[in-house]
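Some notes on the structure that comes next.
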Amino acid sequence: MFFAQSWCLCCTTFAVLFCGLFVGSHAMTVNTDTNALPFPWDKIRLPETVKPQHYDLLIHPNLTSLTFTGVVQILIEVEQDTRAIILHSKNLQISKAQLLGSRHPQDLQTSEFEAYEQIALFSDGFTFEKGNHVVHLEFYANLSDSFHGFYKGRYTTNSGEVRMMASTQFEPTHARAAFPCFDEPAFKANFTIRVRRESRHISISNMPKLRTVEMADGLLEDQFDTTVKMSTYLVAFIISDLQSISKKSQHGVEISVYTVPEKISQAEYALNTAVTLLDFYDDYFDIPYPLPKHGEIFLDLAAIPDFQSGAMENWGLSTYRESGLLFDPEKSSSSDKLGITKVIAHELAHQWFGNLVTMQWWNDLWLNEGFAKFMEYVSVNITHPELQVDDYFLEKCFTAMSVDSLTSSHPISTPVENPAEISEMFDDVSYRKGACILNMLRDFLTPEAFKYGIIHYLKTHSYQNTVNAHLWESLTNICTSDELDSGRLKLDGFCSKSRAESPASKWFMEDSVDVQAIMDTWTLQEGFPLITVEVKGQEVTLKQERFLREANSSKTSNFLWQVPLTYITSHSSAVQRFLLKSEKDVLYLPKKVDWIKFNVDLRGYYIVHYKSGGWDALINQLQQNHSVFSSNDRASLIHDIFQLVSIEKIPLDKALNLSLYLSKESEIMPVTQGFNELVPLYKLMEKRNMEELENQLKGHLVKLFKTLIDRQSWSDDGSVSERMLRNYLLLFACIRRYPSCISTATRLFQQWKESDGKMWLPTDVSLVVYTEGARTDEGWDFLLEKYKRSVSPSEKWIIKAALSYSPLAHKLQWLLERTIEGEIIKTQDLPSLVISVSKNPKGFKLAWDFLKTSLLALNLILKLVHEGFWENIALCNTNQNALNIYMHYQSNVQKATQPSSRMAMTHTSGHLIRALL
């Protein structure tokens, strides 16, 4: 599943914090048996002695009454005699339960345990004996009002007609809300799916449609091919009037992109991108895309109008937000193209990592999501080099570090049990930290060795479930794998003696590197190391400790990592390596150096502090000739020094001194990282009414980047990175009221408005122009009308952002209120909108007040804890306001009874504490 920026993480993570305000305690058992026997199972995980083999599922949604009925027959294998079959069901009314036998069906009783979302099937005096059985269940329910399970959606045509549809989102634990099932990832089975529908709709599912049968009542029944063995959370079906375009890949896979009819012209880029990426993965993994076993091979991508996550990797039918799949050549920006390409790359990578090989349980979610996030960059870098995707990888690591530096962080692999805890795993630690440590491991092992290791991992565990250790085994034993793999690798010469002794892989074979020993230190404990470097002559002393923003000695002691260090020096740009295994160690240089720079190109997941003049030497080099360092190295120096300021290892004036070199900088990552570190400083002053100091810092920032700002053209010329940097710089300049920017943006907006929006604007500066126009009531209203009429998801996103950047407080308030209604702006966009308004100096108090009075929208609003909202709200105009907010949440921490609730609350409090400092 893909969560990007404002789309981010699962709603349920924080919702539990306020649930006590609205609901009482749930009844623990609902039992249809008149004797009301106790529920026969007391664990939240299902018994391992009953396993599903095959589901025959019939689903019939009614898009008029917004309900659905269903029938499922499950072939189960009972490994030891049992009196009851335990499986999952949530909000389903079971109307019939039977055990199908060779002679006649046997009626079964059902008992429900709401708290664990389980039902039991049993019959008085009956034992399910060891062997295979078939259970038959009939059920009905309402289509969900949320964005999970089997839920209703709608869209409005250009003519104003509202059309309904139904689609699914089952990850992580919502398949049980669509049909009774064994809803855990390890219970893989085959699925044969049938969908009944009206003739005005179509249905699509994981597999190709075999046939459509006309029923006696005039309905149509689409019958789909049987799936490969897979987990329940990957099942998908959609009933709608979507249309598609198709294209065949070089490997013979028929790929289709589905969207609402009026947006089908925006599907071509996604289709071509999916074809290119699927061919890449087929070749890279040396495993053909593995759906169906016979006949044509299909892969569908569907843009869903009502969709909360960024995207979902359902096997054979991946689903997306419209803005994550549809590209309008006239109105979509370079940033849109990069984002869409990465989302598709992420979901297609899941067809192997997550679908073909699946984590055993949700504690190792990162094996799915970390790998998919990592493969986004590997694949797009090769298939779409013009997008320069490598420029943006280190930002993901910086974001992960910001979360991982809190006491409330968690190990990548963390024990979880209930759905609320599972949902909390869909965070920056699983996604971004997971990707960053894989990138570090790839660099350490060499890209070639890493690739062969993961191919071995995928081939060895196809259609199975894995834990961390399985991956480490495959990456350690590359040249001792099974006959098939070792034969291919030896044919390539990879495992030859000459290769093993080459400098790039000197660790390989003889050195016997223990990958699991190294990586356990990164996956089984939270946080990351701060490496302190002190150079004396040719001797370099190294020390590691946990980097932690909050002072808490109990959270810093006993943390030790095996750190693959890389470094360059003033005398050599050749990358050197050192594996730091202990708290302290020493390495020796061949000669004295002026400076040493660790973590080359941010290949490692750690922060570096240079003592005894080390920082002064690096700052001096930046000011003399910054091009000695790569752009990623320059960005990482900016990042590291400001992080060290936050924990009082370095005075602020030294960090500001380093930032002065930025007046000569032109690359996107160092520039944006400079903004990321400096802008929060004046925002803090802005929200605390420190006007004089605020204006001084704003003026300093404009002066620092003035030369670069003045060089920007109001066009779509240049590389993707240059175009994205242009948007960033011009937006900053106009918001900070830089005269030349204001005059150009105002002129362009007026011309665009006079043309009734028909004049073409360069896509990469349209946000700047719209934002300037939104400063007046007339301009704001005009933009809103264009938002209502637009059929381009990219254009709607840009206009919505511009509206939220407006200084007009009454317009911001109106925007928040309308979004909760979902008529003009979809409720799925509420979290991103509240975040955007909270970053507006005229809107952060409005956002907080809105949040306090809109708690009934918990499933949308309260996921903001993962998206940076709290830092903006907490930076109030007075310390007292921030303190009031902090105390409000502290009181709720004490009320929270579930560990998952307390964990989320502690995470929130951490943000607020930092804001108060």
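Filtering the range 334-347 down to residues that are among the small types (Gly, Ala, Ser) and modelled with pLDDT of 95 or more, which residue is least open to solvent (accessible area, probe 1.4 Å)?
The extreme case among them is Ala345.
Check the range 349-359 and report whether any residue there is assigned to a helix (DSSP H, G or I) and modelled with pLDDT of 95 or more.
yes
Given the conditions (1) part of a strand (DSSP E or B); (2) under 30 Å from Arg200 (Cβ atoms); (3) open to solvent by 30 Å² or more (accessible area, probe 1.4 Å), which single one is not true for Ser65?
Failing condition for Ser65: (1).
For every residue, the table says whether it meets (1) among the charged types (D, E, K, R); (2) in a strand (DSSP E or B); (3) more than 22 Å from His350 (Cα to Cα); (4) under 25 Å from the mean Cα position of the chain (by Cα).
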| position | (1), (2), (3), (4) |
| --- | --- |
| Asp222 | yes, yes, yes, no |
| Thr226 | no, no, no, no |
| Tyr233 | no, no, no, yes |
| Ile245 | no, yes, yes, no |
| Ile255 | no, yes, no, yes |
| Tyr258 | no, yes, no, yes |
| Ile264 | no, no, yes, no |
| Tyr269 | no, no, no, yes |
| Leu278 | no, no, no, yes |
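Please verify whether Ile835 is under 20 Å from Asn158 (Cα atoms), at pLDDT below 90 and hydrophobic (A, V, I, L, M, F, W, C), treating the condition exactly as stated.
It is false that Ile835 is under 20 Å from Asn158 (Cα atoms), at pLDDT below 90 and hydrophobic (A, V, I, L, M, F, W, C).
Looking at the range 663-673, can you tell me whether even one residue there is under 22 Å from Thr771 (Cβ atoms) and of a type in the set (Gly, Ala, Ser)?
no
Looking for something in a strand (DSSP E or B) and within 38 Å of the chain's Cα centre (by Cα) - is there at least one such residue anywhere in the range 126-133?
no
So which residues in the range 218-243 are open to solvent by 30 Å² or more (accessible area, probe 1.4 Å) and in contact with a Leu (Cβ under 9 Å, 6 or more places away or on another chain)?
If the condition is that a residue be open to solvent by 30 Å² or more (accessible area, probe 1.4 Å) and in contact with a Leu (Cβ under 9 Å, 6 or more places away or on another chain), then Gln223 is the only one that fits.
Can you name the condition, by its number, that Phe307 falls short on among (1) over 16 Å from the mean Cα position of the chain (by Cα); (2) surrounded by 24 or more Cβ atoms within 10 Å (Cβ to Cβ); (3) outside any strand (DSSP E or B)?
Checking Phe307 against (1) over 16 Å from the mean Cα position of the chain (by Cα); (2) surrounded by 24 or more Cβ atoms within 10 Å (Cβ to Cβ); (3) outside any strand (DSSP E or B), the one that fails is (1).
Name the residue, out of Phe113, Phe122, Phe139, that is in contact with a Gly (Cβ under 6 Å, 6 or more places away or on another chain) and more than 30 Å from Ile825 (Cβ to Cβ).
On inspection, the qualifying residue turns out to be Phe139.
Any residue at all in the range 571-581 that is part of a loop (DSSP other than H, G, I, E, B), within 33 Å of the chain's Cα centre (by Cα) and over 22 Å from Lys396 (Cβ atoms)?
yes
Being surrounded by 17 or more Cβ atoms within 10 Å (Cβ to Cβ), assigned to a loop (DSSP other than H, G, I, E, B) and in contact (Cβ under 8 Å) with a residue 24 or more places away in the chain, is that true of even one residue in the range 778-788?
no
Residues that are assigned to a helix (DSSP H, G or I) and at pLDDT 95 or above: does the range 478-496 have at least one?
Checked the range 478-496: no residue is assigned to a helix (DSSP H, G or I) and at pLDDT 95 or above.
Are any of the residues in the range 295-311 within 26 Å of Thr227 (Cβ to Cβ), without any contact (Cβ under 8 Å) to a residue 60 or more places away in the chain and not hydrophobic (A, V, I, L, M, F, W, C)?
No: the range 295-311 contains no residue that is within 26 Å of Thr227 (Cβ to Cβ), without any contact (Cβ under 8 Å) to a residue 60 or more places away in the chain and not hydrophobic (A, V, I, L, M, F, W, C).
Suppose the filter is within 20 Å of Pro841 (Cβ to Cβ), of a type in the set (S, T, N, Q) and within 34 Å of the chain's Cα centre (by Cα); does Asn632 pass it?
So Asn632 does not fit the description; no.
For the structure I just gave you, tell me whether Ser199 is of a type in the set (Gly, Ala, Ser), farther than 21 Å from Asn368 by Cβ and under 25 Å from the mean Cα position of the chain (by Cα).
no
Which of the residues belonging to the range 502-523 are more than 14 Å from Arg442 (Cα to Cα), aliphatic (A, V, I, L, M) and modelled with pLDDT under 50?
Within the range 502-523, Met509 is the sole residue that qualifies.
With over 22 Å from the mean Cα position of the chain (by Cα), at negative phi, outside any loop (DSSP other than H, G, I, E, B) and aromatic (Phe, Trp, Tyr) as the only criterion, which of Tyr284, Tyr289, Tyr320 stands out?
Tyr284
Any chance the range 782-799 includes a residue that's closer than 15 Å to Thr746 by Cα and out of contact with any His (no Cβ under 9 Å at 6 or more places or on another chain)?
Yes, the range 782-799 has at least one match.
So which helices (runs of 4 or more DSSP H) are wholly in the range 397-462 and hold at least 2 residues that are touching a residue at least 40 places away in the same chain (Cβ under 8 Å), touching a strand residue (DSSP E or B) at 6+ places or on another chain (Cβ under 7 Å) and not hydroxyl-bearing (Ser, Thr, Tyr)?
Output list reads 434-445.
The values are calculated or read from the model by the stated rules, or taken from the named source; none is laboratory data. If you're wondering where the values come from, they're calculated on a predicted model, not measured in any experiment. Methodologically, a virtual Cβ is constructed for each residue, glycine included, from the backbone with ideal geometry; neighbour enumeration extends over all protein chains shown. Each accessible area value is taken on the protein alone, full model and side chains, heavy atoms only, with ligands, DNA and RNA left out. Shrake-Rupley method; radii C 1.70, N 1.55, O 1.52, S 1.80 Å.
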